[in-house]
Amino acid sequence: MKDIKGAIFDLDGVIVDTAKYHYLAWKRLANEELGFDFTPEQNEMLKGVSRVRSLEILLELSGQTRTPEEQAELCDKKNAWYVESIKSIDESELLKGAKEYLIQLRNKGVLISLGSASKNAVPILEGLGIVDLFDAIIDGNKVSKAKPDPEVFLKGAEALGLDPADCAVFEDSYAGVQAAKAGGMYAVGIGTPEALPLADEHVAGLYELLD
Ligand code: B16
Ligand code: MG
């Protein structure tokens, strides 16, 4: 791992597996509103992707169109189910080594930001009991451009008062690694070199980075 002054973490797939809850809510929407069965394989396409873009992908899969107003209603419906399902998230849902690695970095004086597409990031961090470990939180409420645009990570570096070149991004999605590289940051891919070819190094999970 390169020497860094700042660390910017994606949420889903890096710190917690919220993808399973997103999947169940999108699957219910596909069943109840779009008349098709949404598979776990198709769900892979939604990882790291914004809510609005996720719905567009579901509509493409179903071969249907909806007006912008109807799309907003469908997003709200999915989000209400998702929010209900994450209400009970607690520290048992932390991915292996995640909290320990955040603490390890803090003990070394590394500043920490979140860099997530999710608009529900804060209640999730609160449920996990780790919100206090972050010096800055940049989430879907604070950005206008989705990954692979680097906005979310550039805002993270800025909020930490650091040069992007002094920051590492921890990401599990292809678009997220692309965003990190476009922002001039070091990218740690949580996944395989095959899935994340643009990352500077790869680990299976944050637990592999513990001293
Ligand atoms: P919300 P990340 C992303 O989180 C998820 O991977 C993606 O599946 C989801 O659609 C997106 O957040 C938006 O989430 O509907 O809660 O705003 O990986 O960027 O932490
Ligand atoms: Mg992710």
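Numerical summary
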quantity	calculated
Segments 12-20, 32-40, 189-197 sorted - mean Cβ within 10 Å per residue, highest first	12-20, 189-197, 32-40
At R0 = 30 Å, FRET efficiency that the Cβ-Cβ distance of residue 163 and residue 41 yields, to 0.05	0.15
On Cα atoms only, tilt of 98-107 relative to the major axis of the chain in degrees	30 degrees
Carbon plus sulfur fraction of accessible area for the range 123-167, probe 1.4 Å, in percent	49 percent
Area projected by the alpha carbon convex hull of the range 19-59, averaged over all directions, nm²	2.5 nm²
Size of the chain as Cα extents on the principal axes (Å, biggest first)	51, 33, 30
Cα-based shape type of the range 107-211, given that a ≥ b ≥ c are square roots of the gyration tensor eigenvalues and the cut on a/c is 1.5	rounded
In order through the range 10-24: 3J(HN,Hα) via Karplus (6.51 cos²θ - 1.76 cosθ + 1.60), integer Hz, x for Gly, Pro	5, 9, 5, x, 10, 9, 8, 9, 7, 4, 5, 6, 4, 4, 4
Average accessible surface area per residue within the chain, 1.4 Å rolling probe, Å²	47 Å²
Highest-MSF residue in the chain out of 120, 141, 43 [GNM, Cα springs under 10 Å]	141
Structure-based [θ]222 nm, the chain - -39500 (n - 2.57) summed over DSSP H runs of at least 4, per residue, nearest 500	-11500 deg cm²/dmol
Lysines whose Cα lies under 17 Å from that of residue 87, excluding same-chain neighbours fewer than 8 positions away	20, 77, 78, 119
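The values are calculated or read from the model by the stated rules, or taken from the named source; none is laboratory data. All values derive from a computational prediction rather than experimental measurement. Counting neighbours? That spans all protein chains shown, and the Cβs are built from the backbone with ideal geometry, glycine included. Each accessible area value is taken on the protein alone, full model and side chains, heavy atoms only, with ligands, DNA and RNA left out. Shrake-Rupley method; radii C 1.70, N 1.55, O 1.52, S 1.80 Å.
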